[in-house]
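The structure appears right after this line, and notes come after that.
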Amino acid sequence: MKDYLDELIERSKVERDFASKWGEAEVRISLAELRKAANLTQDEVARRMGVARPRVAELESRPLSVSFGRMLAYARALGVPVERIVGLVQPQT
């Protein structure tokens, strides 16, 4: 139960950071480039997210209109932390 509560608290912090920075900042990386770096097609990402491919295309072309939940699903489909997508954490090299 404690792990579950800790996860909820951490997710709440990430959601707050997402909301504040997503509205202010430019998208720091191209979502399509990130997807391609993961060697995934839009079809593969859509399947992992449980949506149709046009939804992934829309997400990549208009990221600022996407909800946190949708962006979280996209990040999970790519296997990256959502913080990397919104620029809260720079990619490690």
- Task: Select from region 60-88 the residues that are closer than 15 Å to Ser30 by Cβ, of a type in the set (Val, Ile, Thr) and at pLDDT below 90 and write down the one among them that is surrounded by the fewest Cβ atoms within 10 Å (Cβ to Cβ).
- Result: Val66
- Scanning region 45-59 for residues that are part of a helix (DSSP H, G or I) and either open to solvent by less than 30 Å² (accessible area, probe 1.4 Å) or not charged (D, E, K, R) (or both) gives Val45, Ala46, Met49, Pro54, Val56, Ala57, Leu59
- Of the residues in region 26-44, those that are assigned to a helix (DSSP H, G or I), at pLDDT below 95 and in contact with a Lys or Arg (Cβ under 9 Å, 6 or more places away or on another chain) come to Leu34
- Message: If Gly23 meets every condition in (1) at pLDDT 90 or above; (2) open to solvent by less than 80 Å² (accessible area, probe 1.4 Å); (3) in a helix (DSSP H, G or I) apart from one, which number is that one?
- Response: (1)
- Item | Those residues of region 26-44 which are under 14 Å from Gly79 (Cβ atoms), of a type in the set (Lys, Arg) and surrounded by fewer than 15 Cβ atoms within 10 Å (Cβ to Cβ), in sequence order | Lys36
- Query: How many residues does region 60-87 contain that are small (Gly, Ala, Ser) and part of a helix (DSSP H, G or I)?
  - Reply: 6
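The values are calculated or read from the model by the stated rules, or taken from the named source; none is laboratory data. Keep in mind the model is a prediction, meaning the values are calculated, not measured. With ideal geometry, Cβ positions are generated from the backbone for all residues, glycine too; neighbour counts draw on all protein chains shown. Only protein heavy atoms, including side chains, enter the accessible area calculation; ligands, DNA and RNA are left aside. Shrake-Rupley method; radii C 1.70, N 1.55, O 1.52, S 1.80 Å.
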